[in-house]
1. Checking residue 80 against (1) in contact (Cβ under 8 Å) with a residue 24 or more places away in the chain; (2) in contact with a helix residue (DSSP H, G or I) (Cβ under 6 Å, 6 or more places away or on another chain), only one condition comes out false. Which one?
2. Can you name every residue in the range 99-122 that is open to solvent by less than 70 Å² (accessible area, probe 1.4 Å) and part of a helix (DSSP H, G or I)?
3. Select from the range 21-36 the residues that are of a type in the set (Val, Ile, Thr) and outside any helix (DSSP H, G or I) and list them in ascending order.
4. Tell me the residue from 3, 9 that is farther than 24 Å from residue 75 by Cβ, open to solvent by 90 Å² or more (accessible area, probe 1.4 Å), at pLDDT below 85 and among the polar types (S, T, N, Q), please.
5. Which of the helices (runs of 4 or more DSSP H) found entirely inside the range 37-98 contain at least 2 residues meeting this: open to solvent by less than 50 Å² (accessible area, probe 1.4 Å) and in contact with an Asp or Glu (Cβ under 6 Å, 6 or more places away or on another chain)?
Amino acid sequence: MKTIVVLATVFAAALALPADTYNPRYDNFNAQELVDNERLLKSYVKCFLGKGPCTSEGNDFKKVIPEALRTRCAKCTPKQRQLIRVVVHGIQTKLPSQWDELIKKEDPTGEYIGPFQEFLRESQ
């Protein structure tokens, strides 16, 4: 009987675990403020490209970029998807050459950019 109770408890705990998503620590990150400040945006992009220093947030974002690009942000929460769309749109419009450089770095064969662009358009 004790075994059944323990197994039921473990099973219930496993079901209660959140889906495999990225850490929500930055869900309240002000993406629009980043995009509105071109100097800061350039600094983040240099970090992502490995051409400049990174803030702690920049380092964390840099670690997620390759997987998010390849999976269309499959592990992102809805809030994270919204934030990524804001930041990427800002980079694409304000720093297009750096955006191209970032894509070449993270997707040298161009395999993932099409599906990722679809992901970006989904909310528009």
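1. The one condition residue 80 does not meet is (2).
2. From the range 99-122, those open to solvent by less than 70 Å² (accessible area, probe 1.4 Å) are 99, 101-103, 106-107, 110, 112-117, 119-120; that's our starting set.
99, 101, 102, 103, 106, 113, 114, 115, 116, 117, 119, 120 - these are the residues of the range 99-122 that are open to solvent by less than 70 Å² (accessible area, probe 1.4 Å) and part of a helix (DSSP H, G or I).
3. Step one: filter the range 21-36 for residues of a type in the set (Val, Ile, Thr), giving 21, 35.
Matches in the range 21-36: 21 only.
4. On the way: 9 fails: open to solvent by 90 Å² or more (accessible area, probe 1.4 Å).
Among 3, 9, only 3 is farther than 24 Å from residue 75 by Cβ, open to solvent by 90 Å² or more (accessible area, probe 1.4 Å), at pLDDT below 85 and among the polar types (S, T, N, Q).
5. Working: elements: 38-49, 56-71, 78-94.
Hits in the range 37-98: 56-71.
The values are calculated or read from the model by the stated rules, or taken from the named source; none is laboratory data. All values reported here derive from a predicted model rather than from experimental measurement. Cβ sites come from the backbone with ideal geometry, for glycine too, and all protein chains shown count toward neighbours. The area values use the complete protein model at the heavy-atom level, side chains included, leaving out ligands, DNA and RNA. Shrake-Rupley method; radii C 1.70, N 1.55, O 1.52, S 1.80 Å.
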